[in-house]
Amino acid sequence: MRRKLALLWLVVMLAASLYLGLRLANGLGWRTDLMALLPRDEQDAGKQRAEDAVTRALSERVVLLVGHADGQIARQAATTLASRLTNSGLASVETLVPGSEAIRRLGTLYAPYRRGLLSDADRAALMRHDGASVAGRAVSQVFGFLGVADARLLRADPFLLLPGFFTALPTPFAKLQPVDGMPMVQDGGTAWALVVGRLSADPYALTIQDRLKAALDLDGLQASTPGLQVKRLGAAFFAEAGARQALDESSFIGVASALGTVLLVLLAYRAASPLWMSLLVIAVGIIAGLATSLLVFGELHVATLLFGVSLIGVAVDYSLQYCTEIFAAADVSPQARLARVRMGIALGTTTTVIGYLTLLLAPFPGLHQIATFSAAGLVAAWLTVMLWLPTLDRSTKPRHGRGMLGWAARGLSLWQSPLRRGVGVAVALLIAGLGLSQIRMQDDVRRMQSLSAPLVADQHEIRRLIGGMGDGPFLLVRAADDEAALRLEESLAPRLAKLQQDGALADWLAPARYVPSASRQMENRTLVRAELDPMLAEHLSQLALSGEAAPVDDSIPALTLQAAITAGAPLGAMLVSPGVHVVLLDGITQPTLIAQAFTGVDGVAFVDPAGQFSALLGKYRLRAIGLLALSAVLMAPMLAWRYGGRGALRVMLPPTLAVVLAPALRALGGGDFSFFDAMALVLVLSIGVDYAIFFAETSTERAPVTMLAVALAAGTALLSFGLLAMSQVAAVHSFGSTMALGILLAFLLAPMARGGAR
Amino acid sequence: MKRRALLAFLPFLPKVALACGRLDPGQILRGRFVQTRTLQGFTRPLISEGHFVLSPGRGLIWRAEKPFAVTTLISSAGIVQLVQGNETLRLPSSRMPMLGQLYDMLGGAMAGDWHALERDFTVARSGEAQAWQVTLTPRHADNAAMPFTAINASGGCLVEAVELLKPGGDADRLRFVDQTLTSGPLDADEAAALAVLTR
C-alpha cells in the first residue's frame, strides 16, 4: 500500500516537473506590478474600474526628456528616440503640445459652433449685460500690435468669440515651446526636448521592459553623444528597476539561505544523507509550489518568488524532524523512526497550512499566489517525508550524537521549573506591554515600495522642467451620460476656480472646458443673441469692415465630445467611458483642501491613488490581525482534540507570546508596524505552533532529540527570513525582520509546551 | 587705478544716443509709432498711434493711445494684451508656435539686428549708411506658420519704417519717430509691465 502511494507520488511529481519544464521552456511571464499585490477597493466597483482605467493609461506612458547645451543636438537625440520608440512596435509617440496644423484643424471644426462657445470672461460679461467690453476686446485685437483678425474671420465672428474661447483654454505644459515641431524648454544652459510615448504592451511585463530598454538604447545614445542627458519617467522604468532588485535579491537570498542551510545540516549530522534528503524535500516543495501557482494563476509575480522561496525553507523542518530521530535510539528501522514523528509533522503541516491558507482570505492577489505556492509546497514536502524518506534512508547512527543531545538537553532545562516559566511569561508580558504601548503604525504605500533613487530624481527634475504630468490626484466625475457629466463639470468650475485663486492648485483640465455641455452651448447662443447681436451694426462700422456679417444659424446642433475627439482635441486622458470623466488637477499644493471641497458632492470623487492605497493598507493591516486571531481559532479544535483544553492552551502559549513579543521588540527598536508585519505574524503563529506541537508530541527521553530538531528548523528558518530582513524593499524588510524575530522567540519559548504532554 | 576712477564716473555720464546700427543687449530703444493696417475687406485702413519701448532680449512694450488705449506686451515667452489694465488676451508661445519667432522677427527688425532674421529670411540690403533699405523674403515659401510674405525696412541711424506684408494683400506699415537710444535700465513701470508676461 505504502509502496503504491510512494509510486503514485512519484508519478504526480514527475508530471509536475514535466509541466514546469514545459512552462519554463516557453519563457515564464514574470509580473512586476507591485500594485497588483495590493488590495482593491471592493466597495465601489464602478469607481475602482474607472480609477484602474486612469491608472492604466498613466502607467502606459513613457516620458523621455533629452537635454544638451546645444538645442540642435538635444532635438536630434529626441527625434532619434521618438523613432526608436515607434520602430520598436512597443509604443506610439504622442503629441502633448499640438502643432499649428493641429490647432488649425481644431479651429475649423469648432468654427460653426462659435456662438455657443464662450470664454468664462465673455460669458460673465454678457450675463451682466456688458456686451460693450466683449466688443472692446475684439476691437483692441483688430487694432492691436498683432492683427490677429482678418476680414473673413471678422465677418464670420465679428466679436472674435472663438479666439476668445481658445485663448481661455487651460495651457498644460506652457513651459514647452515647439521648435520645428519638437516641444522644447530652455533651462539655464541646457535645452531640453520632450518625447512622450504610449506603450501598446503591458508596462509591467518584464519582457516588455527589456525590449523597451533595448529599443531605446539610452546608454548607446549617451555614449555616442557626449554631454547628452536623458531623464526618464514611466511606470515601466520604475517597475523594471524594482523587479531587477527583487530578482537580484531573491537570487542572492536564495543562494545564501541554501548555502547556510547546507552548512548547518552538514555541521549537525556530519553525514551526507540528511543533507540530500533535506534538499530533495526542498526541491520537491519548490517544484510543487511553482507548478501549482502556474496552474492556478497562469503567471507568477516576482514577489511570490521572493516570499515563497524563503517560506519553502519551513518545509525542511519536517525532514529535519525525521532525520534527527537517528540520534535517538539504537538501530531502529527508518519506518519506526518515522512512526515516532509522524503525528508531530502531520499536526505541524496541518496547522501551518491553515496559517498559509488564511492568507487566501486577504484580498491581496499577490498574497494569494504566495499562499498557494507555500501551501502546495508544504503539503508536497510533507508527503515526500512520509512516503519517500524512509525508503531512501541509508543513515547509520552517528557517533557524535551524545554531544549534540547534551547541548540540546541543556537548552531544554531552561524552562524546566514552573517558577522559571512563570517568571519568563511575566517578563515577556511586561516587555510586550511596554513595546506595544510605543508601537507606531505605518501605512504609507510610498514608503513600502523601494523606488529607484535615480528615477525618483528624474521624476522631480521632469516635474520642475515641464510641470506635472497628470500623475497625481484627480477628480472622478460619474454621471448618467456624457451630457450630464459635462454639466456636472460646469457646476464644479466655480469651486475649482476658487481653489485656483486660493493657490490650492495651478489649473484644472476638464472635458467641459473643451466642449461645453449642449445645454450650456444653447444658453450661450441665447446670450449672444440677446446681448451682442443688437450691437452688431455699430460694431462693424467702428471696425470699418465692408460688407455684411455672415448669416447666423443658431439651429445647428451643439458641438459634441465625439466630434471634438475626431478632430484631435486632447481629451483622451479625460474620458474613461460614457458619462465617466476625469478632471485632471495640475500643480496641487493643498490636496486636503481640494478633497474637502468635493466631499459630499454627488457623482464627484477626489481620487488620490497613492493616498487611497495607503488607506486600504491601513484597513487591511487591521484585517490581517483579524486573520491572525482566525487562524488561532481554526487550529484550536484540532489541538483540543489531541491535547485537551489545558494542553491546547499550553501548546498555544509559546507561539502566542512570540506573536505579541516580536512586534513589541520591533517597536522598542524603533521599527514601524505595517500590514506586512501583520502578515508575518500570521506565519509566525503557524510556524510557532509547529514547534510547540513537536515538543508536546515528544516524550521525556526523546525531548533532547526534539530540541535538536527544532533548533535546526529554527536555524534554517532564521537563515532565510533573516536574509529577507536585509532587503532594500521596505515591505520585504518589515516582513523579514518580524518573521526572523518571531521565529527566534517561538523557538526559545517552544519547550514550555512540553510539560503537559500525555 | 585710473581705470577704476573712470569706471566710477560711468553712471554719471549723460545718456546719449550711442552708435548707429544694431542695438546691443542692455540698450533700450524708446519712441513713438504710427501703425497703418491695411486689411482686405475693410473700407479704410486702421490707423493707430502711440509709443513703444524695446529692450532687446527682454521684450517689447507697445502702447497704442489712439483710437483705443491698448497695451501689448510681447517677448519670446508670448503675448499679453491689456485694455484699461484688464487682460484681454494672453497667449504663451506654446499656444502659437510662431509667436516666439515672431517676436524675434519684429524685435530684430526694429533693432536693426538682421542677423537674427537670416535663419528664416533672405536679407537684401541697398542704399547707404544714412539711408538704407532692407528687404526680407521668407526662405521657405511653403511654411504654413510664416505669417509674412515679405518685410521691408528702411532707415538711417535707426530703423525708421517697417512694412510687414501678409498673405492675401493685408499689410502693416509702421513709422517710428522721436526715437531715443539709451543704455540705462528699464524704468520701474516698464520693468513691471514686462514682468506681466512671465507671470
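Odds and ends about this structure:
- Some residue of region A:152-161 being modelled with pLDDT of 90 or more, part of a helix (DSSP H, G or I), under 18 Å from A:A530 (Cα atoms) and not acidic (D, E): yes
- Some residue of region A:687-705 being of a type in the set (A, V, I, L, M, F, W, C), open to solvent by 10 Å² or more (accessible area, probe 1.4 Å), touching a residue at least 60 places away in the same chain (Cβ under 8 Å) and in contact with a Phe, Trp or Tyr (Cβ under 9 Å, 6 or more places away or on another chain): no
- Spans of helices (runs of 4 or more DSSP H) in region A:296-362 with at least 1 residues farther than 19 Å from A:Y691 by Cβ and modelled with pLDDT of 85 or more: A:334-358
- Hey, B:R175 under 22 Å from B:V34 (Cα atoms), open to solvent by 30 Å² or more (accessible area, probe 1.4 Å) and either assigned to a strand (DSSP E or B) or away from chain A (no Cβ under 14 Å) (or both) or not: yes
This table checks each residue for (1) modelled with pLDDT of 90 or more; (2) surrounded by 15 or more Cβ atoms within 10 Å (Cβ to Cβ); (3) assigned to a loop (DSSP other than H, G, I, E, B).
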| position | (1), (2), (3) |
| --- | --- |
| A:P454 | no, no, no |
| A:A457 | no, no, no |
| A:G468 | no, yes, yes |
| A:E489 | yes, yes, no |
| A:G503 | no, no, yes |
| A:N524 | yes, yes, no |
| A:R529 | yes, no, no |
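- Just one of the listed residues (A:D150, A:D157) is more than 7 Å from chain B (Cβ to nearest Cβ) and surrounded by fewer than 21 Cβ atoms within 10 Å (Cβ to Cβ), namely A:D157.
- Matching residues in region A:645-654 - criterion: being more than 16 Å from A:G344 (Cα to Cα) and not hydrophobic (A, V, I, L, M, F, W, C): A:G645, A:R646, A:P654
- Scanning region A:274-283 for residues that are open to solvent by less than 10 Å² (accessible area, probe 1.4 Å) and of a type in the set (A, V, I, L, M, F, W, C) yields A:M277, A:V281.
- For region A:186-208, the set of residues classified as assigned to a strand (DSSP E or B), surrounded by fewer than 22 Cβ atoms within 10 Å (Cβ to Cβ) and among the β-branched types (V, I, T) consists of A:T190 only.
- Where A:A757 falls short, out of the listed (1) modelled with pLDDT under 85; (2) part of a helix (DSSP H, G or I): (2)
- Answer residue from region A:1-28, given it is open to solvent by 90 Å² or more (accessible area, probe 1.4 Å) and of a type in the set (K, R) and is modelled with the highest pLDDT among those: A:K4
- Residues considered: B:P185, B:P167. Of these, the only one that is farther than 27 Å from B:I47 by Cα and loosely packed, with under 13 Cβ neighbours inside 10 Å is B:P185.
- Members of region B:48-68 found to be facing another protein chain (nearest Cβ under 9 Å) and surrounded by fewer than 16 Cβ atoms within 10 Å (Cβ to Cβ), listed by number: B:P67
- Region B:52-72 - residue that is out of contact with any helix residue (DSSP H, G or I) (no Cβ under 8 Å at 6 or more places or on another chain) and not in a strand (DSSP E or B) and, of those, farthest from B:A195 (Cα to Cα): B:A69
- Of all the residues in region A:410-428, those that are under 23 Å from A:L668 (Cα atoms) and touching a residue at least 40 places away in the same chain (Cβ under 8 Å) number 3.
- The requirement of being touching a residue at least 60 places away in the same chain (Cβ under 8 Å) and within 17 Å of B:G31 (Cβ to Cβ) is not satisfied by B:S48.
- Residues being in a helix (DSSP H, G or I), open to solvent by 30 Å² or more (accessible area, probe 1.4 Å) and either touching a residue at least 40 places away in the same chain (Cβ under 8 Å) or closer than 20 Å to A:S92 by Cβ (or both) - total across region A:221-240: 1
- Being facing another protein chain (nearest Cβ under 10 Å) and under 29 Å from A:R232 (Cβ atoms) is a property that A:V179 has.
- Of all the criteria given as (1) modelled with pLDDT of 80 or more; (2) within 19 Å of A:Q209 (Cβ to Cβ), the one not satisfied by A:R31 is (1).
- The residues on offer are A:F145, A:F173, and the sole one that is part of a loop (DSSP other than H, G, I, E, B), within 12 Å of another protein chain (Cβ to nearest Cβ), free of Cβ contacts under 8 Å to residues at least 40 places away in the same chain and crowded, with 18+ Cβ neighbours inside 10 Å is A:F145.
- Residue that is surrounded by fewer than 23 Cβ atoms within 10 Å (Cβ to Cβ) and of a type in the set (A, V, I, L, M, F, W, C), where the choices are A:L387, A:L320, A:L378, A:L367: A:L387
Residue-wise test of (1) closer than 25 Å to B:T180 by Cα; (2) in a strand (DSSP E or B); (3) within 8 Å of another protein chain (Cβ to nearest Cβ); (4) at pLDDT 70 or above.
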position	(1), (2), (3), (4)
B:I74	yes, yes, yes, yes
B:I79	yes, yes, yes, yes
B:L89	no, yes, yes, yes
B:R95	no, no, yes, no
B:L102	yes, no, yes, no
B:G108	yes, no, no, yes
B:T122	no, yes, no, yes
B:R125	yes, yes, no, yes
B:W132	yes, yes, no, yes
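- Any pair with Cβ under 7 angstrom, 6 or more apart, that starts in region A:542-563 at a residue that is within 14 Å of chain B (Cβ to nearest Cβ) and at positive phi and ends at one that is assigned to a loop (DSSP other than H, G, I, E, B) and exposed (fewer than 14 other Cβ atoms within 10 Å of the Cβ): A:A544/B:T43; A:A544/B:R44
- Test: residue in region A:551-560 that is under 23 Å from A:L486 (Cβ atoms) and crowded, with 18+ Cβ neighbours inside 10 Å: yes
- Any hit, region A:91-114, residues being surrounded by 23 or more Cβ atoms within 10 Å (Cβ to Cβ), within 30 Å of A:V230 (Cβ to Cβ) and away from chain B (no Cβ under 12 Å): yes
- Filter pass, A:G131 being small (G, A, S) and farther than 30 Å from A:S200 by Cβ: yes
- Residue count for region A:209-220, restricted to those that are crowded, with 19+ Cβ neighbours inside 10 Å and out of contact with any Leu (no Cβ under 8 Å at 6 or more places or on another chain): 1.
The values are calculated or read from the model by the stated rules, or taken from the named source; none is laboratory data. Owing to the predicted nature of the structure, the values given are computational and were not obtained by experimental measurement. In this analysis, Cβ positions are derived from the backbone assuming ideal geometry, glycine residues included, and neighbour counts consider all displayed protein chains. Side chains are part of the model used for accessible areas, which takes the heavy atoms of the whole protein and leaves out ligands, DNA and RNA. Shrake-Rupley method; radii C 1.70, N 1.55, O 1.52, S 1.80 Å.
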